[in-house]
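Since the structure comes first, as structure tokens, the remarks are kept for the end.
The values are calculated or read from the model by the stated rules, or taken from the named source; none is laboratory data. Note that the structure is predicted; figures quoted are calculated from it, not measured. Note that we place each Cβ from the backbone using ideal geometry, even for glycine, and neighbour counts take in every protein chain shown.
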Amino acid sequence: MSHEPLHILQHTFGYSAFRPPQDEIIDTVTHGGDALVIMPTGGGKSLCYQIPSLARAGCGVVISPLIALMQDQVDALAQLGVSAGYLNSTLSPTEQASIEQALVAGELDLLYIAPERLNQARTINLLHQARLALFAIDEAHCVSQWGHDFRADYLQLGLLAEEFPDVPRIALTATADARTQQEIIHRLHLEQARAFIVGFDRPNIQYRITPKNNPKKQLVQFLRNEHPEDSGIVYCLSRKKTEEIASHLQSEGFNALPYHAGLPAEVRASNQARFLREDQIIMVATVAFGMGIDKPDVRFVAHLDLPKSLEAYYQETGRAGRDGNPATAWMTYGYQDVILLSQMMAQSDGSLEHKIAERQKLDAMLGLCEVTSCRRQVLLNYFGERDHAPCGNCDTCLTPVDTWDGTEAARKALSTVYRSGQRFGVSHLVDILLGKSNDKIIQFDHQQLSTYGIGAELDANQWRSVFRQLVARGYLAVDTAGFGGLKLDEKCRALLKGEETIELRRDVKDIKQRKSSRTQ
Ligand code: ADP
Ligand code: ZN
């Protein structure tokens, strides 16, 4: 058998050609060089270490946090005639011993290892006894303490460089802003590695974000109109909600299944297997679902709750349309999402620095929601790709957003926040502007405020939209220590003094875009 990468691609994997830059990456590693690969989900990262493992003498060691998928990966490789095994906590002592023997005897092409194993001196000793082709560090962003997938065990992987200086290392991830990239290089000692950064654009995915008013109904409408017979994923923030939404969709005639970390392992496994194997299954899941799932024909990813960051949004929506055919990333978004996430972040037990970083990530996510120009540009810009033209395949491109001069309304809203003491939430502030008289208004004597009743030109929904946009653009901050009261930000000053004007998005009902999405 030839050990040429192209020969292996065609004869072992059955594909005719490399997708650039797979060939260059494989060439680098096959010749003993280190590589850092940043490639979107579905881009074809696995071959980048699988083929060099076959082309080089010895066994390729793949470090992956996705223990649940190792069995599947090994089985899939076995079907291709590749001799692979894995070491993780699910093996019995006998199974483990037999894999270890096979490794030392040189019988394995690929060995998948859970990161915590590499912290054991025993595993390092074992690896020293074997001939190694390479180390592949998959999901390398887990080494970043700023990321949402941080795993302490990844920090130890830096020692591979010292322990095995002659074994090439390839780190791979789908998520990396500039800061995470630097952290991967630094922590994994990849200063000498060639970096391969593949474009983030997923042109076949149509991005749409719509104001949340009746999410269940909006979701059903979206599915009926555009994806009545498709497979897809609906992401929710809480476990309870995934079950609620799954049963609601079932009652509406869809094949929906829940998935979250609180379900018994066998239910999770069987729901995941059905999603992968059957057609037309809708998985209603928390973010626990999806990492490493390879289903090419997911036609939509719907978010009923706001993701915490653009990285998370991009990664989750990236599970749609891996086959390159049109797919939709659809999300409903409302003010409550902002409050909820802000509070969750404030209550998390990270350091202040960590909380600030999280807050910045959420702000970037809100920025995407409220933008009036092309959403794809915002997304790609965030990942460092600055020269894309408006895409023509997102809601803001397809239906240009109507804006209005919100300067006067914003001033009224900000004054109301100020005059009521910077501690009330949106509902109450809207009540003041509309001149409502209810218990709370009376209790705080808010009929006396100069802004009481001065907002009759807008209705409650429109006022909520004004507040949401002011928060998203950083004029107002959510007081996360308390109960979600709003405070003025320094940024307000110019607007309040009349030195600045503000254009606001006019909220539109979810526009039916079926036609445009199908003619792409
Ligand atoms: P990633 O790990 O980057 O998310 P995978 O390695 O799982 O992506 O690859 C995604 C899909 O693309 C898989 O189904 C894989 O078999 C396929 N694929 C990868 N490289 C090629 C290629 N050169 N030609 C055809 N299909 C490919
Ligand atoms: Zn666009």
| How many of the residues in the range 373-398 are surrounded by 14 or more Cβ atoms within 10 Å (Cβ to Cβ), within 12 Å of ligand 2 (Cβ to nearest atom) and outside any helix (DSSP H, G or I)? | 6
| message | Can you confirm whether residue 15 is modelled with pLDDT of 95 or more, away from ligand 2 (no atom under 16 Å from the Cβ) and at negative phi? | response | no
| query | So which residues in the range 117-131 are surrounded by 18 or more Cβ atoms within 10 Å (Cβ to Cβ) and more than 14 Å from residue 85 (Cβ to Cβ)? | reply | 118
| request: Grab the strands (runs of 3 or more DSSP E) fully contained in the range 452-520, keeping just those with 1 or more residues being modelled with pLDDT of 80 or more and surrounded by fewer than 17 Cβ atoms within 10 Å (Cβ to Cβ). | output: 485-488, 503-505
| Does at least one position in the range 23-46 carry a residue that is within 14 Å of ligand 1 (Cβ to nearest atom), without any contact (Cβ under 8 Å) to a residue 40 or more places away in the chain, at positive phi and of a type outside the set (Ser, Thr, Tyr)? | yes
| said: For the list (1) more than 15 Å from ligand 1 (Cβ to nearest atom); (2) within 22 Å of residue 104 (Cβ to Cβ); (3) under 27 Å from the mean Cα position of the chain (by Cα); (4) free of Cβ contacts under 8 Å to residues at least 60 places away in the same chain, I need the number of the one condition that residue 61 fails. | reply: (4)
| query | Is there a residue being crowded, with 19+ Cβ neighbours inside 10 Å, in contact (Cβ under 8 Å) with a residue 40 or more places away in the chain, among the aliphatic types (A, V, I, L, M) and out of contact with any helix residue (DSSP H, G or I) (no Cβ under 7 Å at 6 or more places or on another chain) anywhere in the range 213-229? | reply | yes
| query | within 16 Å of ligand 2 (Cβ to nearest atom), β-branched (Val, Ile, Thr) and closer than 29 Å to residue 209 by Cβ: does that describe residue 416? | reply | no
| query | Since residue 268 meets every condition but one in (1) touching a residue at least 40 places away in the same chain (Cβ under 8 Å); (2) away from ligand 1 (no atom under 16 Å from the Cβ), which condition does it not meet? | reply | (1)
| task | Within the range 4-52, track down each residue that is outside any helix (DSSP H, G or I), of a type in the set (A, V, I, L, M) and surrounded by fewer than 21 Cβ atoms within 10 Å (Cβ to Cβ). | result | 17
| Failed criterion for residue 305 (all others in (1) in a loop (DSSP other than H, G, I, E, B); (2) within 16 Å of residue 474 (Cβ to Cβ) hold) | (2)
| query | outside any helix (DSSP H, G or I), out of contact with any Phe, Trp or Tyr (no Cβ under 9 Å at 6 or more places or on another chain) and either touching a residue at least 60 places away in the same chain (Cβ under 8 Å) or within 16 Å of ligand 2 (Cβ to nearest atom) (or both) - does that describe any residue in the range 351-358? | reply | no
| Residue identified as in contact with a helix residue (DSSP H, G or I) (Cβ under 7 Å, 6 or more places away or on another chain), surrounded by 14 or more Cβ atoms within 10 Å (Cβ to Cβ) and over 30 Å from residue 357 (Cβ atoms) among 84, 102, 114, 174 | 84
